[in-house]
Amino acid sequence: MPAPTILVVDDEQLIRWSLKDRLSDQGYRVIEADTAASAIARSEEGVDLVLLDYKLPDGDGLQVLKKLKERDPDILVILLTAFSSIETAVEAMKHGAYHYANKPFNLDEIALLVDKALETTRLRREVKTLRANQAQPYSFDRIVGASSALVTIKALMRKVASSPASTVLLTGESGTGKDLAAKVIHYNSDRAQKPFMNITCSALPESLLESELFGHEKGAFTGADRQKRGLLETADGGTVFLDEIGEMVPGLQAKLLRFLEEKTFKRVGGSVDIHVDVRVIAATNRKLDEEVRAGRFREDLYYRLNVLPIMLPPLRDRADDIPLLVEFYIDSYNTEFKKRVRGVAPEAMKRLQTYGWPGNIRELRNTVERAMLLAEGDVLQGGDFTIGGSAAVRLGDRVELPPNGIDLEQLERSLVVQALERTQWNQTRAASLLGLNRDQIRYRIEKFHLEKANTH
Ligand SMILES: Nc1ncnc2c1ncn2[C@@H]1O[C@H](COP(=O)(O)OP(=O)(O)O)[C@@H](O)[C@H]1O
Ligand SMILES: [Mg+2]
């Protein structure tokens with residue numbers, strides 16, 4: 001960090017010199033001005049603090065103070081007055097002076113005042129940046145949306161965050177904000193200063209996932225050449241986010257249940273019970289009750305997790321939030337791409353609001369990002385948006401291609417059927433999933449002789 005710059009404004013050369021001498025000794029960079037006009041001019045050089053004489057040949061210090069503050073509200077100004085006038089001092093403070101000092105002043109006092117002022121702003125700035133960089137991303141405000149569904153969910157999240165609840169279950173389609181919700185809950189709980197650890201259950205084979213979670217002892221298995229602490233231990237006092245819990249194999253489900261109930265576990269290959277205080281937030285885009293019925297997910301674990309369920313609704317069920325989300329992403333990409341997009345044309349917004357968003361907020365974000373990268377104008381038009389990409393991608397995670405090779409007619413039929421099923425035969429929504437209009441989908445329904453019951 002460069003040394004702070006101090007501007008000394010006084011028409012008396014002797015005063016400027018003595019202040020400069022003293023403050024340079026303290027390591028500050030000091031520049032001078034002897035009139036109101038030159039003070040304003042020199043302040044352009046990037047000044048942190050101004051020592052400002054009240055009486056200047058071409059004006060008074062209050063006017064200079066106002067101008068300085070207009071340009072840079074954060075600038076620190078200490079007013080030097082020759083006579084102790086309470087009114088002047090009050091006036092100065094009202095206009096944002098940091099402090100004032102009476103002339104003749106004591107150099108030590110001024111030096112101390114300057115140190116203190118600069119230290120305070122440094123700290124204030126530091127706190128500001130820290131907040132912006134860590135807490136802010138996960139404040140409740142980061143969850144954009146004002147639909148009643150979202151308002152209810154945010155209220156519930158607040159309650160959960162401040163409660164002692166040790167398990168939370170987040171459900172919702174891919175891209176609905178489960179990751180974000182988990183972080184917001186953690187960073188707004190009294191666990192915020194402790195670790196937030198994150199693992200995706202489907203990403204690792206069973207044995208690896210187990211040792212990642214619970215850790216292992218030396219020699220527990222081939223390759224375990226030393227003891228290793230697992231996520232649960234590392235996160236002690238904090239939160240472990242188990243993503244895609246629906247994919248966890250039954251053996252591990254049992255071990256997880258034991259941990260949730262007893263708060264203790266053993267490392268792989270270990271015999272000692274280890275106790276930790278961890279909140280587990282589990283997430284899944286599967287319907288866990290169906291997984292239970294199908295015998296793929298333990299019923300007892302399901303009930304244990306489901307004590308505090310939070311269901312994140314798909315974006316298509318809260319179209320009211322779309323303009324807010326679009327605005328949010330325009331703002332953030334304006335900053336990131338140094339653009340000046342002001343908004344979205346009404347026609348284009350209508351399209352965004354009627355499309356089905358199978359990829360939910362993630363897909364909306366990517367769509368806005370792409371539009372912002374390509375757009376020429378400062379208002380995004382319909383043509384700037386590529387909604388959907390290829391039909392197969394648009395149908396989301398469970399597209400099944402027809403078994404006997406690629407027959408275009410058959411592929412088309414299959415996509416239409418899947419869109420209709422996903423939307424419970426809402427033709428408008430199915431059409432928008434496919435990037436078609438209502439007539440186009442009706443035509444296809446007739447062409448393929450589709451009916452609600454016989455589509456399989
Ligand atoms: N309510 C919301 N407001 C703003 N951004 C959101 C919201 N919900 C999700 N997002 C963003 O959408 C993207 C996908 O969210 P994510 O939490 O990864 O979803 P999931 O884990 O359910 O797949 C992320 O970039 C996330 O920041
Ligand atoms: Mg996720």
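For this structure, a couple of remarks:
- Couplings for segment 7-17, taken from phi via the Karplus curve 6.51 cos²θ - 1.76 cosθ + 1.60 with θ = phi - 60°, read 9, 9, 10, 7, 7, 8, 4, 4, 5, 4, 5 Hz in order; Gly and Pro are left as x.
- With the charge dipole of the chain set up from +1 on Lys and Arg Cβ and -1 on Asp and Glu Cβ about the Cα centre, the Cα lying farthest toward the positive end among the listed residues I310, N426, A283 is that of N426.
- Segment A192-E299, length gained on full extension (0.36 nm per residue, minus Cα span): 35.4 nm
- Between the C-alpha center of segment 217-277 and that of segment 343-358 there is a gap of 45 Å.
- Taking other C-beta atoms within 10 Å as the exposure proxy, F265, F328, F221 rank F221, F328, F265 from fewest upward.
- Along principal axes, Cα extents of segment 140-311, largest first, whole Å: 54, 40, 25
- Of all DSSP beta bridges confined to segment 140-311, the antiparallel ones make up roughly 15%.
- Over the chain: helical MRE at 222 nm, DSSP H runs n ≥ 4 each giving -39500 (n - 2.57), nearest 500: -13500 deg cm²/dmol
- Phi to ³J(HN,Hα) by Karplus 6.51 cos²θ - 1.76 cosθ + 1.60 over segment 423-438, Hz, x for Gly, Pro: 9, 6, 6, 7, 5, 5, 5, 4, 4, 6, 4, 9, x, 10, 9, 5
- Beta bridges by DSSP in the chain, antiparallel share as percent, to the nearest 5: 10 percent
- For segment 315-388, the Cα-based Rg and Dmax, in that order, read 11.1, 32 Å.
- Percent of Cα pairs exceeding the 40 Å cut-off, where the set is the chain: 48 percent
- Our note on the geometry: Cα centres of segment 1-49 and segment 161-194, 50 Å apart.
- Percent of beta bridges antiparallel (DSSP, segment 5-133, rounded to nearest 5): 10 percent
- Pairs beyond 20 Å (Cα-Cα), from K350/K447; K154/K178; K20/K67; K154/K263; K66/K94; K20/K116: K350/K447; K20/K67; K154/K263
- Relative contact order [Cα under 8 Å, 6+ residues apart], the chain, whole percent: 10 percent
Every number in this text was worked out from the coordinates using simple rules, so none of it is lab data. A quick note: this is a predicted structure, and the numbers were derived from the prediction, not measured. Cβ atoms come from the backbone with ideal geometry, glycine included; neighbour counts cover every protein chain shown.
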